[in-house]
Amino acid sequence: MIDLKYIQNNFEEASSKLAKKGVSKDTLEELKNLFTSLKEANAAYEVSKAEQNKLSKQFGEYKQKNLDTTELKTQIDELKTKLPALLETARIAESKLEELSFIVPNFPDDNVPEGADENDNIELKKVLEPRTFNFTPKEHWDLASSCGWIDFERGVKLAKSRFSVLRGEGARIERALINFFLDFNRKNGFEEFNLPLMNNASMLKGTGQLPKFEDDLFRIEDEDLYLIPTAEVPLTNLYNDEIINDKDLPILMTAYTPCFRKEAGSAGRDTRGMIRQHQFDKVEMVALSHPNSSDEIFEMMVQNASDLLSALKLPHRLVMLCGGDLGFSAAKTVDIEVWLPGQNQYREISSISNTRDFQARRAKIRYKEDGKNNLVHTLNGSALAVGRTLIAIMENYQQEDGTILIPKVLEKYL
RNA sequence: CGGGAGAUGGUAGAGCGGUUGAAUACACCGGUCUUGAAAACCGGCGAGGGUAACACCUCCGGGGGUUCGAAUCCCCCUCUCCCGGCCA
């Protein structure tokens, strides 16, 4: 949730920032008006309520002294007829404000480039040269059958399309990657977690998936539970509604979890292969930080994810997302794209975002500093998407005969 | 899924119709003392809204009700713990 006071006091600035994300000035105007109405409605109710509280207290004193209370009672009764309507007005104002304020995206940072979609993203740098092939490299779905790592057909049989089965060495490399990633992250200061794969609606709301993106989530029938679309949800919400001692910041966390996404709206995209699945493995990093150090931690997280790919000797590039391509909660995002020689293009394998205080405000994650409570900054990033890493290994390490070499760093995990 | 108990501040734990946003202890923060630390002593210490700052409003799991007045009484829901059943 964005800071409503900021909108009220710096309307022009706020609206030009959100324009980058395609939010109209009218929407913001409406938000501002709803906020003002709520404050007015609250004020009106509170004045009457204060009066009533005062009279009730007096009533008690009269009773104690055995004084006549009939006149006081009349006064109170009269006041009480007004209160329900005032309260109702305030509540309506509140729910209207909430409805809108929870679906307005975060402000992008000032240095986020303008742009409509991924074509306007800016490449920051390339890491490692793509290998040159003396044969035509295959795409991973062609390699899947020759090396036997992925069984697409049986995945579909077991569940439906966009599910697949890893088999034999493929399954073992997936597991090796998870262990390698977790160990690497832990050595860089991230504490490892093992988490519930279902979270309740309040947590999903805290990180921004709800209420706006319910269609992307798998919901458990008859329960207030959803399958997590990313470990960002449980990791960030570990501190939901808590106040952290500032000395404990930053809190760096990592976890491996399967992730579940309906992929609503991506019909026809990446239907072949294992790029876009309903269930996929990911190792995630989450940081809760003091506002002053979130930029520094952001850079560290980007570096960490990039180093993982370098350790696997996988060529990749760093891309700064433009305003139009930025996610709902993010103020700034750097994507890491790995080179897929079979597809002859770079594909996203990690996305690192600083949400500033956007999630913290929703999830009420605060820190105490000099006796005052402030919102933390929350950051999240993949390190890395495991299935896509497997694909990248297949395509980059393939041999002419269809076999695949194993990256050296993984040897001790196999 | 059946039977019982409970849900209060960071934690433990009192309060059971009025001036109680809430005793007490521990934790935590500041100070005195000390070369430093510990101990001891002194002081502070829930959250959200509101205000220039006060005032003021809200919150004792959530929702509703009774009452002039509810943490305290009544109803519903949720969750937790213990016992039993089932089961990795």
Q.
To the nearest 20 Debye, how big is the dipole of the stretch A:68-187 about its Cα centre, given +1 on the beta carbon of each Lys and Arg and -1 on that of each Asp and Glu?
A. 1020
Q. Which residue, A:Ala50, A:Ala93, A:Ala116, tops the fluctuation ranking in a GNM of chain A built on C-alpha contacts under 10 Å?
A. A:Ala50
**Q.** Gain upon complete extension [A:Glu192, A:Asn9; 0.36 nm per residue less C-alpha separation]
**A.** 61.7 nm
Q) Which whole-number percentage describes the relative contact order of the stretch A:118-413, with Cα contacts under 8 Å and a sequence gap of 6 or more? A) 25
Q | Spherically averaged projected area in nm², based on the convex hull that wraps the Cα atoms of the stretch A:225-360 | A | 9.6
(Q) Checking the cross-link filter: which lysines have an alpha carbon closer than 18 Å to that of A:Lys63, excluding same-chain neighbours under 8 positions apart? (A) A:Lys54, A:Lys73
Q.
Could you order the peptides A:274-282, A:72-80, A:385-393, A:16-24 from most to least packed, using the average number of other C-beta atoms within 10 Å per residue?
A. A:385-393, A:274-282, A:16-24, A:72-80
**Q.** Surface per residue (accessible, 1.4 Å probe) for the stretch A:118-413, Å²
**A.** 44
Q | Computed label-point distance, nm, for sites A:Ala44 and A:Phe218 using a 7 Å Cα→Cβ extension | A | 4.9
**Q.** Candidate lysines - alpha carbon under 21 Å from A:Lys160, same-chain residues fewer than 8 apart omitted
**A.** A:Lys262, A:Lys282
Q. Suppose R0 equals 56 Å; then what is the FRET efficiency for A:Gln399 and A:Thr36 from their Cβ-Cβ distance, rounded to the nearest 0.05?
A. 0.25
Q: Work out the length of the dipole vector of the stretch A:118-413 about its Cα centre, built from +1 on the beta-carbon of each Lys and Arg and -1 on the beta-carbon of each Asp and Glu, and round it to the nearest 20 debye.
A: 220
Q.
Over the Cα atoms of chain A, what radius of gyration and what Dmax do you get, in Å?
A. 26.6, 103
Q) Between A:Asn119 and A:Glu411, what length in nm is gained on full extension when 0.36 nm per residue of separation is reduced by their alpha carbon distance? A) 101.3 nm
Q) Quick one: Cα convex hull volume of the stretch A:136-268, Å³ per residue? A) 161
**Q.** Cα→Cβ-extended label distance, 7 Å offset, between A:Lys157 and A:Ser266, nm
**A.** 2.6
Q | Residues whose placed amide H lies under 5 Å from that of A:Val112, excluding near-sequence neighbours | A | none
Q: Could you pull out the GluC sites (Glu not before Pro) across the stretch A:347-414 that fall in loop regions by DSSP (anything but H, G, I, E, B) with no more than 14 other Cβ atoms inside 10 Å?
A: A:Glu400
(Q) With a 10 Å cut-off between alpha carbons and a GNM built on chain A, which of A:Ser101, A:Ser56, A:Ser351 moves the most? (A) A:Ser56
Q: Go through the stretch A:23-73 and name the GluC sites (Glu not before Pro) that are in a DSSP coil and have 11 or fewer other Cβ atoms within 10 Å of their Cβ.
A: none
(Q) Taking the Cα centroid of the stretch A:257-319 and of the stretch A:218-254, what is the distance between the two, rounded to the nearest whole Å? (A) 17
Q) Which residues' amide hydrogens lie under 5 Å from the amide hydrogen of A:Ser351, considering only partners 5 or more residues apart or on another chain, with H built in the peptide plane? A) A:Ile336, A:Ser382
Q.
Below 8 Å between Cα atoms, with a sequence gap of 6+, how large is the relative contact order for the stretch A:1-150 in percent?
A. 34
Q) Exactly which chymotrypsin sites (Phe, Trp or Tyr not before Pro) in the stretch A:94-188 are in a DSSP loop and have at most 10 other Cβ atoms within 10 Å? A) A:Phe135
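The values are calculated or read from the model by the stated rules, or taken from the named source; none is laboratory data. What you are looking at is a predicted structure, and each value in this text was computed from that prediction instead of being measured. No Cβ is skipped: glycine too gets one built from the backbone with ideal geometry, and neighbour counts run over all protein chains shown. All accessible areas refer to the heavy atoms of the entire protein, side chains included, with ligands and DNA or RNA removed. Shrake-Rupley method; radii C 1.70, N 1.55, O 1.52, S 1.80 Å.
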